Every structure is written in structure tokens, then in C-alpha cells.
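I have placed the structure first, in the form of C-alpha cells, so that the comments after it can refer back to it.
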């Protein structure tokens, strides 16, 4: 199992916000889960605090850790349930990287069930979800790591290596020891598995060269590996590289193998058993070699251990025919094993072609979706732009009635002074901050947009007058409570809002909200006025 922690890409449009303390607290549970600790209560605490803080990303982070924990424990039912929940919640909250992390686990589950096409589709989607990010974060690094380790399960070693190289280029920026350890382990596991496949197709020289390079890369980071929860796993894979490249003797290798203990990664031991068995067979000690092969076959994971399982069975056949070269049945079995190995390698090539095709198609689709989104998105704030708001206005005008809808017009009080005295760059920061506060004040289904300048518009369906009153209160309160001094010591920001609500006269909502905003400005600013459209009412002031 890879430790959770390419190519031409579409134009990047997303940035990764620094993770909150609660997100970091969730991530800190992952190494503990990997070490076999019970993290259930800690996860519940994070879920509760995320609900109190309204921290949607922390909820996604905790859900991901829950997925990883279930996978580590081998509970596929819980893994599937929580991964599906993570994907749905991440989509709803707008966190593509957390969606990516859920999808790579779903890909693994499809592969476990023999559903290769579905697994590849999930995996390709997971990778493309990472393409939009231009900057680096530990969350992005972890997402790439998970995808790369899953490509490895499909035997797509080149694609794993491509993504590990992408991940490595980011590590200096994130300064995360766990991410580095995950990269070292998974990249070493990919090289080791790749070497096994090369051994089977008769490319032993290529296999040994790859293992020598992998060994050199890993031992350069002994200080990072020492004392970590995956130290034993890495030591076993390093032992495999040393056995296969002649750096250690049979007896010394067996002694080290017996002294290294791991609880959750039996395939690491199996690699080492493969190396010992290979040396024993070369020394003509065939019975002992077969015993090592059997030890390597014991307790392998059905997914993560599949490729080393195949390699050990291939080695078993080779040892048997070496021990009895005149046995016609064994020679026939070896010929069949060789034939099947070649067919598996060809299948791997066809599978990789299919994956690259799916990646290209999915990226083209993603690029089209990105162009559509950008055309309807305000470049400064990421909110809906005027084109998107005008489209919503046209759609509302076609409604027949019966459903409550509210429209909010909101702008900043005396914003020109901010630009004139503190500069337009700081003014842009204020607009971005207002955009974030508005997002936090509305429901997920509400449309929030920037109409232009410092004017914002919200369209809230299924929102009657009482709900509109509460919306106005939330917006005003969030702006007042925000610490604007973080942007500038002398900065203080207030807003005015006009809110129009109706269950029938939808075509009048935008103009009525604009009128209500004018009344709020005339009434003293830093306030919201709510008006019902289509009936004679007195404007209501929200303080």
C-alpha cells in the first residue's frame, strides 16, 4: 500500500489557501493512524470543532484521514463509504484537492473488485483535479502522492515516476517531513515493483540499474527516515535493493530480514524474501530458496501485494525448473509462466495507452469547463461575474411563481476613499475579503457575484422575508466583526445592502434590490433594508 501523503496541464486558475490550524490538526492524525493508533475520538473532536467554526475544509481533511484510517485497517466497506462521503462533501464545498484524494481511494476499491475501467476513470479524474493548481501546498503534494501510488498498482510505473518527480519538485516549498517520507517510501516501492517486472521479462540489467539508483536516492535521507512509523518498511525495501545488486550476502540479508519488523506493510517483507530467494537460487540452494518464496507469499494484501505475489510465483517456477532442468512438466510450466509474463507486460502497455488517452480526453473536458467557468467568474474575487448574474436575472424573469426568492445588492461604504488614500492594491484585498465574508454568510446553493467595482449581488432561492432578514443581519455582522486592521491599521469597512424578496414578481427583484440599496445609503449606511416586491409594504430596516 502506498503511503498517503505530469504531463501537459490545462491553464492553472486556482490557488491553495494556507490550511487552517484545524486542517493541520486533522493531518497530524495521519501518521498516528499509520502507526496503528486509535484516532476515533480525535477525529470526532475535529468534526465537532469544524461544525462550530464553519470550517468546511477541516471537515474534508478529517474525512480524508478517516478514509485513510479505514484503508490502513483493511476495512473496505468503511473506506468506500467514507471516500464517497468525502468526494460529495468536497464537491459541495468546492475543494477539488480533497475530492481528488477521495477519488484515488475509490479507484483502489474498484481495482480490488476487478473493476479496472471504473478504477482508471476515478484515477484519471483525480489527477486532472490537481492540474488547476499553480501554487504548491502540502495538500496538493499529498493528492499527487496518492494518485502516483495508485498508478503503481496498475503497473503504470512511468506515470507513477512522472508524478513522484512532480511531487519532489514541490517539497522544498512545503517543508513537510511526513510528505518527504511518503515520497521516499512510495518512490522506492515503485522502483522495486518496476524492477520485479523487468526481472520477469528478462531485463535484469535494467532492473538492477534502477535498484542501484533507488538505493542511492533513499540512503541520502536516512536522517528523515529514522524513527518514523515507516522506517521498517523502507529498511526492508532497501534490503531488497541491496540483495538484488550484490551489496549484501545471503546470511547477512537473512539476519537483517529477521530483525526488521513491520505490522501493516507485509509486501515490504515479501520483496526482501524475493531478494533472499534469488540469491539462494543462484547459489544452488533451491529448497531454501523455495522456503523463502513461500514466506514471501504469506499474508500478502490482495491489492497492494498483487504484483510481488505474481513475481514470487514466477520465481518459484523458475527455481523449480532450475532444480530439476530435465523435468518435462516443469519445463512446460516455465514456458507457460514466461509466456504469461510477456502477455502481462503487453497488457500493461495497452493499459497505459488507455490511461493516457483518458487523461487527454479528461483534460480537454476540464479545459472546456475551465474556459466556461472563467467566462462566468470574476477574476479578482472568484465570485460569479456580471455575465453570470445577468443570466440568473433572465432565468428568474421566466419563473411562474410560488417559490420565494431574494436578491441582495450590496456595496462598500465610501470605498473610493479606501482606494484614494490606501491604494488600489489594498482596495483589491478588501474586495477579496468581502467576497469571502459573503460566501460565509450564505448557503451553499446561493449565488454570490460581483456586479462591478465594489458592488456585489446575491441571489438566494427558497428564501422568504424572514430568511432575508437573517441574511442581512449575518452579512452586516460579519463585516463589522472582521479585523480589518490585519490589512491596514487605520482601515475600517462597513457595507450597505438592499434586499428584495418575492414569491411572484421575479422580474422586479433586481431593480427593487437596487432601490433598497439606495435607501440604505440615504438612511445612513452600514445597514440593510429589506423590501417585499409585488405588494404594498413598509421597507424594513435591518440594523
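In region 283-318, which residue that is in contact with a helix residue (DSSP H, G or I) (Cβ under 7 Å, 6 or more places away or on another chain) and over 29 Å from residue 186 (Cα atoms) is surrounded by the fewest Cβ atoms within 10 Å (Cβ to Cβ)? Looking at residues that are in contact with a helix residue (DSSP H, G or I) (Cβ under 7 Å, 6 or more places away or on another chain) and over 29 Å from residue 186 (Cα atoms), I get 283. If the condition is being farther than 13 Å from residue 493 by Cβ and either surrounded by 15 or more Cβ atoms within 10 Å (Cβ to Cβ) or not assigned by TED's automatic domain parsing to the domain that holds residue 477 (or both), then region 406-424 contributes 406, 407, 408, 409.
Residue-by-condition table, conditions (1) more than 25 Å from residue 194 (Cα to Cα); (2) touching a helix residue (DSSP H, G or I) at 6+ places or on another chain (Cβ under 8 Å):
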{"position": "113", "(1), (2)": "no, no"}
{"position": "131", "(1), (2)": "yes, yes"}
{"position": "139", "(1), (2)": "yes, yes"}
{"position": "147", "(1), (2)": "no, yes"}
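Of the set (1) part of a helix (DSSP H, G or I); (2) surrounded by 19 or more Cβ atoms within 10 Å (Cβ to Cβ), all apply to residue 155 but (1).
Among the criteria (1) modelled with pLDDT of 90 or more; (2) over 19 Å from residue 104 (Cα atoms), the one residue 59 does not fulfil is (2). Pairs meeting the criteria (first residue in region 52-68 and assigned by TED's automatic domain parsing to the domain that holds residue 42, second residue at pLDDT 90 or above and in a loop (DSSP other than H, G, I, E, B), beta carbons under 7 Å, at least 6 apart or on different chains) are 57/95; 60/95. Before we move on, is residue 151 closer than 18 Å to residue 27 by Cβ and modelled with pLDDT of 90 or more? Against the criterion (closer than 18 Å to residue 27 by Cβ and modelled with pLDDT of 90 or more), residue 151 does not qualify.
Residues are listed down the side, and each one gets a yes or a no for (1) in a loop (DSSP other than H, G, I, E, B); (2) in the same structural domain as residue 454 (by TED's automatic domain parsing); (3) within 31 Å of the chain's Cα centre (by Cα):
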{"position": "296", "(1), (2), (3)": "no, no, no"}
{"position": "300", "(1), (2), (3)": "yes, no, yes"}
{"position": "336", "(1), (2), (3)": "no, no, no"}
{"position": "348", "(1), (2), (3)": "no, no, yes"}
{"position": "352", "(1), (2), (3)": "no, no, yes"}
{"position": "357", "(1), (2), (3)": "no, no, yes"}
{"position": "368", "(1), (2), (3)": "no, no, yes"}
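The strands (runs of 3 or more DSSP E) found entirely in region 425-543 that carry 2 or more residues being within 39 Å of the chain's Cα centre (by Cα) and crowded, with 18+ Cβ neighbours inside 10 Å are 447-452, 455-461, 495-502. Does residue 377 meet the test of being within 37 Å of the chain's Cα centre (by Cα), surrounded by 13 or more Cβ atoms within 10 Å (Cβ to Cβ) and closer than 24 Å to residue 509 by Cα? Yes. Those helices (runs of 4 or more DSSP H) of region 176-260 in which at least 3 residues are under 17 Å from residue 296 (Cα atoms) and out of contact with any helix residue (DSSP H, G or I) (no Cβ under 8 Å at 6 or more places or on another chain), considering only elements entirely within it, cover 250-259.
The values are calculated or read from the model by the stated rules, or taken from the named source; none is laboratory data. Just so you know, these numbers come straight off a predicted model, no measurement behind them. Glycine gets a Cβ as well: all are built from the backbone with ideal geometry, and neighbour counts include every protein chain shown.
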